[in-house]
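Let me begin by presenting the structure, written as structure tokens, before commenting on it.
Where a number appears in this text, it was derived from the coordinates with a stated rule and is not lab data. None of the values given here were measured: they were computed from a predicted structure. Please note: Cβ atoms are built from the backbone with ideal geometry, for glycine as well, and neighbour counts cover all protein chains shown.
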Amino acid sequence: METATGHEDVQSERPFWETKTLDQMTAQEWESLCDGCARCCLNKLEDWDSGEIYWTNVACRLLDDGTCRCRDYENRTETVPDCIPLDPEAIRELTWLPPTCGYRLVGEGKPLYWWHPLVSGDPETVHQAGISVRGRTVSEDGLELEDLEKFLVAWPGED
């Protein structure tokens, strides 16, 4: 598209996640940044001395392991009080978001990966690429906090 000056308007041809900050996005744009990997719905352990994060494959009780979606997204913070809703401020502060997370990437000014549904046009590519936790989790129901160490895992794309 050309502007009144006759120059091509390159910004309008670029996708919203490349032209807007996290704070400028609409609610729909924000939600679409989620790649559906469900890693944020996993229990993580933090070494209090080093700050290092250890990933488990223990999922929140609301996570549907087959779809990688929350079973009660609208009410998740009431049902699971320690659920941390993601917003621009949280994205800037949380140290445990995976390096492949769309929110984290956009917040850091980095491009989304080829398998991200906004890039590929297909919500299945995150699963096909092996990035999601689909079919690889156990529910936290019935587990004690001290049992989490038995479920440590390494996920693709981790630093």
- request: From the list Leu86, Leu143, pick out the single residue that is more than 18 Å from Asp64 (Cα to Cα) and not β-branched (Val, Ile, Thr).
  value: Leu86
field: Of residues in region 8-59 being of a type in the set (Gly, Ala, Ser) and over 30 Å from Val138 (Cα atoms), the one nearest to the chain's Cα centre (by Cα)
entry: Ala27
Number of the exception - Thr79 against (1) farther than 17 Å from Arg39 by Cα; (2) free of Cβ contacts under 8 Å to residues at least 12 places away in the same chain: (2)
query: Residue check: is Thr21 touching a residue at least 40 places away in the same chain (Cβ under 8 Å), touching a helix residue (DSSP H, G or I) at 6+ places or on another chain (Cβ under 9 Å), of a type outside the set (D, E, K, R) and surrounded by fewer than 12 Cβ atoms within 10 Å (Cβ to Cβ)?
result: yes
message: Against the definition (within 28 Å of Asp47 (Cβ to Cβ), aromatic (Phe, Trp, Tyr) and in contact with a helix residue (DSSP H, G or I) (Cβ under 9 Å, 6 or more places away or on another chain)), how does Trp155 come out, yes or no?
response: yes
message: Checking the structure you have, find out if any residue of region 56-65 is surrounded by 15 or more Cβ atoms within 10 Å (Cβ to Cβ), without any contact (Cβ under 8 Å) to a residue 40 or more places away in the chain and in a loop (DSSP other than H, G, I, E, B).
response: yes
field: Whichever residue in region 109-129 is part of a loop (DSSP other than H, G, I, E, B) and under 14 Å from the mean Cα position of the chain (by Cα) and, among such residues, is surrounded by the fewest Cβ atoms within 10 Å (Cβ to Cβ)
entry: Pro123
Which listed residue, of Val119, Val126, is touching an Asp or Glu at 6+ places or on another chain (Cβ under 6 Å) and either acidic (Asp, Glu) or closer than 16 Å to Cys34 by Cα (or both): Val126
message: With loosely packed, with under 13 Cβ neighbours inside 10 Å and of a type in the set (Ser, Thr, Tyr) as the only criterion, which of Thr95, Thr100 stands out?
response: Thr95
task: Answer yes or no as to whether Trp96 is aromatic (Phe, Trp, Tyr) and closer than 15 Å to Asn43 by Cβ.
output: yes
Selection count, region 131-152, where residues are surrounded by 13 or more Cβ atoms within 10 Å (Cβ to Cβ) and in a loop (DSSP other than H, G, I, E, B): 8
